[in-house]
Amino acid sequence: MKRRNIFSRSDRTGYLFVLPYVLYFCVFVAYPLVFSLVLMFHRWNIVTPMEWIGVRNFVRLAHDPLFFKSLANTAIFLLLHIPLQIAVALGFALLLNAKIKNRGFFRAVYFMPVVVSGVVVTVLWQQLYSYDYGVLNSIITSVGLPRVPWIVDPGVAMPSVAILATWKNVGIYIVLFLVGLQNIPQELYEAAELDGASRSRSFLHVTVPMLNPTIIAIVVLSTIGGFSLFIEPYVLTGGGPMQSTLSAMLYIYNQAFYFSHMGYAATLGIVFALFILAVVLVQRKVIESDTTG
Amino acid sequence: MKKTLAYIVLCIGVIVFGYPFLWMIAGSFKPEMEIGNLNPWSSSYTWNSFVQVFTKVPIGRAFLNSLFVSLSVTTLVVVLGSMVGYALAKLKFFGKGAIYLLILFTMMIPFQITLIPQYILMVKLGWTDTYLSLIVPSMMTGLSIILFRQFFLSVPQALIDAARIDGCSDLHILFRLIWPLSRPVIITVAILTFMASWNDVLWPLIVVRDRTLMTMPQLVTIFVIGGEAETQLGSLLAAATLLALPVIIAYAFFQRYFIESMASSGIKG
C-alpha cells in the first residue's frame, strides 16, 4: 500500500516537473513550426494582413539567383573552414600532446577566442585585414610581397572569413583532439614500433584511425555551426564585396528584417533547414559506410 | 632540438591567438595616431576612446541589460532544466519516453526554421522591445535537460528512496539533496548557457530596436556597422574591449571550467 502511494505521488510530480517543458515546447517550438508552414504560402510584411499566394514563394525561390549564390557561398565557406580547422587543430594538438611544459597555459591561450564574442573577433580581424593599414598587410609588405586585398576582393573575401572563423573556433577542436590523442593506448605505438613502422607510418595507421571518432565529431559539429554563419560577414563585410560573403543565414535575415518579406524569408528558412538536414544525413551515411566498410 | 622547434611553434601560436587581444586592449588606451603601431606600449595613454564610446552610445546600460538577461536565462535554464532532467531520470510517469524523444527531436531542428515564426510570435505577444523577448524564448534548452538527465541517472536510487521515507517532497530532494551533489553538471550547464546568452547577437538584433534595451554585443555591433564610430579606430577598439573584458576576466579565473564545459559538449561559444 505504502509502495503504491510513493509511485502515484511520483506520477503526479513527474507531470508537474515536465509541465514547463511541455508548455515551452508548444509555444516556442510546435507553434513556430506550424506557423512557418502557414507562412510559406503567404505574402506578409507583418503590418498589413497576410495575403495567400499559393506556391509563389517557391516559384520565386527557384528563380532567385541570390539565394543559390548564398547557398554556394556557405558551401565554399564550409569546404575551406572545416579542413583548415582540422589541420590547424590537429597540428597544435600533436605538439601539445608531447611532453610539454606549461601545456595548460598554451591550451588556455588558444582557447581564448572561443569564449569571446564573435563581434569582438570580427572587429579585430577587420583591422587586421585592412588593406592599407592592416597588420597582416604590413607584415606581408615588410618581406617584400604585394598587399593582399583580404576583404575587398570578391575572390579573397570568403577565404578571409573562413580564416577568421577558424581562428575563433579552433581552440575547441584542439582540446577535443588532445582528449582523443590521450585516449590512444600507448601499447599501439609500441607494437607499431616493434613491427618496424616509421613515425609517419604509425601516425597514418595508428593515430589517424584512432582519431576517427574525433574527426567525425568535428566535421558534424562544424558543419552545423558553419551553416549558421551570420555575424562574421554581417559585421566584417555586410555580405560584400559583390555578395561574395553573403551567407544563407545573412540572406534570410536581410529578406525578413531588411525587406520585411516574412513569407518568403520563412520559405527560405524551411528550404535551408531541409538542406542542412540533408547534408548532415549524407555525412552520417558516408561516415557509417566508411567505418563499417 | 625537436623539442625546441615544438616550443617555437607553440609560442608562435600564443602570439597568433593572444596578441590580437593585447593589441586591441592597448589600442583602446592609445592616442589615435599610435594605434596602428604593432607595439602595445605607447608614449602616452588616454581614456579618450572610452569617453567617446560612453558619450555616443548607452554602453553602461547595455552592460547591465546583458548581465540581467544572461543571469535570468541561466537561472531559468538551470532550475527548469534540472527539474525536467530529474523527472526523466528518477520519476516514473506515463509518457516519459515520449517526452525524452520529443526533446531529442527538438534538438535536431535547425533554428533557421523557427527563427522567423518565433519573431512573429514576439510581435503578436507584444514582447518586442522588452526583456521578455530576450529571456523567455531561451528559458529552456534540450541540451541542458539531457545533460542533467544523464548526470542524475548516476545518482543512487537508494538515496532518493531514503529521503522519500523520511517524508521529503521531490522538490526538496532535488534542490536540497541532489543539487549539492551535482556541482559539475550545474557548472557546465551554467557556463554554456551564460556564454551562449551573453554572446548571442542575432536574436537581440531581431527583437530589440530600442537602444536602451539593447544587449552589449548588439549595441557594439550597431556602433561598429552603423557608422557611429566614424573613422575613429580608438573608439571601435574601446567598444570591443568593453564587450570582451568581462568575459576575458571571468575566463582568466575559471578557465579550466570554461574549457571543460565547452569542449565536453562541443558547442560553439
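Using θ = phi - 60° and the Karplus relation 6.51 cos²θ - 1.76 cosθ + 1.60, list the HN-Hα couplings for the range A:27-43 in order, rounded to whole Hz, with x at every Gly or Pro.
So the Karplus estimates, Gly and Pro as x, are 7, 9, 10, 5, 4, x, 4, 5, 5, 5, 5, 5, 4, 3, 9, 10, 9 Hz.
Which shape class applies to the range A:155-215: rounded if a/c is under 1.5, otherwise prolate when a/b exceeds b/c and oblate if not, where a ≥ b ≥ c are the square roots of the Cα gyration tensor eigenvalues? All intermediate terms of the calculation are to be shown ahead of the outcome.
Details: a/c = 4.37, a/b = 2.29, b/c = 1.91.
Prolate shape, in that a/c is at least 1.5 and a/b is the bigger ratio.
Given the options A:L268, A:A162, A:V115, identify the residue whose Cα lies farthest towards the positive end of the charge dipole of chain A (+1 on Cβ of Lys, Arg; -1 on Cβ of Asp, Glu).
After comparing all options, I get A:V115.
Out of B:V9, A:F230, A:I184, whose Cα points farthest toward the positive end of the dipole of the protein assembly as shown (charges: +1 Lys, Arg; -1 Asp, Glu; placed on Cβ)?
So the residue we want is A:I184.
Enter the angle in degrees (range 0 to 90, nearest 10) between the Cα long axis of helix B:2-29 and the first principal axis of the Cα atoms of chain B, meaning the one along which they spread out most.
That helix lies at roughly 70 degrees to the long axis.
Nearest 20 debye, what's the magnitude of the dipole of chain A about its Cα centre given +1 on Lys and Arg Cβ and -1 on Asp and Glu Cβ? Numbers along the way, then the final one.
Values: 19 positive and 12 negative charges, 196 e Å.
Dipole of chain A, to the nearest 20 debye: 940 debye.
Between B:F253 and A:E187, what is the spin-label point distance in nm, taking each point 7 Å from the Cα along the Cα→C-beta axis?
4.6 nm
Need the list of lysines near A:K101 for cross-linking: C-alpha distance under 18 angstrom, and skip anything on the same chain fewer than eight residues off.
B:K2, B:K3
Suppose only helical runs count, i.e. DSSP H with n ≥ 4. What mean residue ellipticity at 222 nm does that imply for chain A under -39500 (n - 2.57) per run, divided by all residues and rounded to the nearest 500 deg cm²/dmol? It would help to have the intermediate numbers written out before the result.
On the way: 14 runs with 210 residues, N = 293.
Calculated mean residue ellipticity at 222 nm is -23500 deg cm²/dmol.
Quick one: check the C-alpha center-to-center distance for the range A:87-143 versus the range B:41-113, whole angstrom.
The two parts, judged by their Cα centres, are 26 Å apart.
With the crude spin-label approximation of a point 7 Å out along Cα→Cβ, what separation in nm comes out for B:I225 versus A:R284?
According to this spin-label approximation, the distance is 3.3 nm.
Summarise the partner chain shielding of A:124-130 as one whole number: the mean count of Cβ atoms from other chains within 10 Å of each residue's Cβ. Don't skip to the end; give the middle numbers.
Details: counts 9, 1, 4, 10, 2, 0, 2.
For this peptide, the per-residue mean of nearby foreign Cβ atoms is 4.
Going by how many other Cβ atoms sit within 10 Å of their own, how do B:S44, B:S138, A:S202, B:S28 line up, fewest first? Display every interim value, and only then the final one.
On the way: B:S44 8, B:S138 21, A:S202 18, B:S28 26.
Least crowded to most crowded, the residues run B:S44, A:S202, B:S138, B:S28.
Tell me the chymotrypsin sites (Phe, Trp or Tyr not before Pro) within the range B:92-175 that lie in a loop according to DSSP and have at most 12 other beta-carbon atoms within 10 Å. Don't jump to the answer; show the numbers that get you there.
Values: sites: B:F93, B:F94, B:Y100, B:F105, B:F111, B:Y119, B:W127, B:Y131, B:F148, B:F151, B:F152, B:F175; in loops: B:F93, B:F94, B:W127.
Sparse-neighbourhood loop chymotrypsin sites (Phe, Trp or Tyr not before Pro): B:F94.
For chain B, what is the calculated [θ] at 222 nm in deg cm²/dmol (nearest 500), taking -39500 (n - 2.57) for each run of four or more DSSP H residues and dividing by its residue count?
Mean residue ellipticity at 222 nm (helix-derived): -23000 deg cm²/dmol.
For the range A:64-292, what does the alpha-carbon gyration tensor say about shape, rounded, prolate or oblate, given a ≥ b ≥ c as the root eigenvalues, a/c under 1.5 as rounded, and a/b over b/c as prolate? Before the final figure, lay out each step's value.
On the way: a/c = 2.40, a/b = 1.44, b/c = 1.67.
The shape class here is oblate.
In whole Hz, with x marking every Gly and Pro, tabulate ³J(HN,Hα) for the range B:245-258 from phi via Karplus 6.51 cos²θ - 1.76 cosθ + 1.60, θ = phi - 60°.
4, x, 5, 4, 5, 4, 5, 4, 7, 10, 4, 4, 5, 4
As a footprinting exposure proxy, order B:L205, A:L281, A:L246 by other Cβ within 10 Å, with the fewest listed first.
Numbers: B:L205 20, A:L281 10, A:L246 25.
The order, fewest Cβ neighbours first, is A:L281, B:L205, A:L246.
Looking at chain A, which longest stretch skips every one of the trypsin sites (Lys or Arg not before Pro) that is in a DSSP loop with at most 15 other Cβ atoms within 10 Å, leaving the sites themselves out? Please list the in-between numbers first.
Values: sites that count: A:K99, A:K101, A:R147.
For trypsin sites (Lys or Arg not before Pro) (loop position, at most 15 other Cβ atoms within 10 Å), the longest site-free span of chain A is A:148-293.
So for the range B:1-96, taking the charge dipole from beta-carbon charges (+1 Lys/Arg, -1 Asp/Glu), which of B:M33, B:L22, B:L80 sits furthest toward the positive end?
B:L80
Per residue of the range B:39-47, what does 6.51 cos²θ - 1.76 cosθ + 1.60 with θ = phi - 60° give for ³J(HN,Hα)? Whole Hz please, x for Gly and Pro, Karplus curve as stated.
For the range B:39-47, the Karplus curve yields 5, x, 7, 9, 5, 8, 10, 8, 8 Hz.
Under 5 Å between amide H atoms, partner at least 5 residues away or on a different chain: which partners does A:H42 have, H built in plane at 1.01 Å?
Those lying under 5 Å, H to H, from A:H42 are A:I53.
Pop the C-beta distance of A:C26 and B:T75 into the FRET formula with R0 = 22 Å and round what comes out to the nearest 0.05. Present the calculation step by step, with values, prior to reporting the outcome.
Details: r = 22 Å, r/R0 = 1.02.
After rounding to 0.05, the efficiency reads 0.45.
Take peptide B:11-22, look around each residue's Cβ out to 10 angstrom, count Cβ atoms belonging to other protein chains, and average those counts.
Numbers: counts 2, 0, 10, 6, 1, 6, 14, 6, 2, 10, 7, 0.
That average works out to 5.
So, in Å, what gap is there between the alpha-carbon centers of the range A:182-226 and the range B:183-220?
Measuring centre to centre over Cα atoms gives 37 Å.
Show which lysines lie in cross-link reach of B:K96 when reach means a straight Cα distance below 26 angstrom and same-chain residues fewer than eight apart are skipped.
A:K2
Just need the relative contact order of the range A:68-217 here, percent rounded to a whole number, with Cα pairs under 8 Å and 6+ apart.
On the way: 117 pairs, mean separation 47.6, N = 150.
Relative contact order of the range A:68-217: 32 percent.
Rule-based calculations on the coordinates, nothing more; no lab input. From a predicted model like this one, the values you see are computed outputs, not experimental measurements. Every residue, glycine as well, gets a Cβ built from its backbone with ideal geometry; the counts of neighbours run over all protein chains shown.
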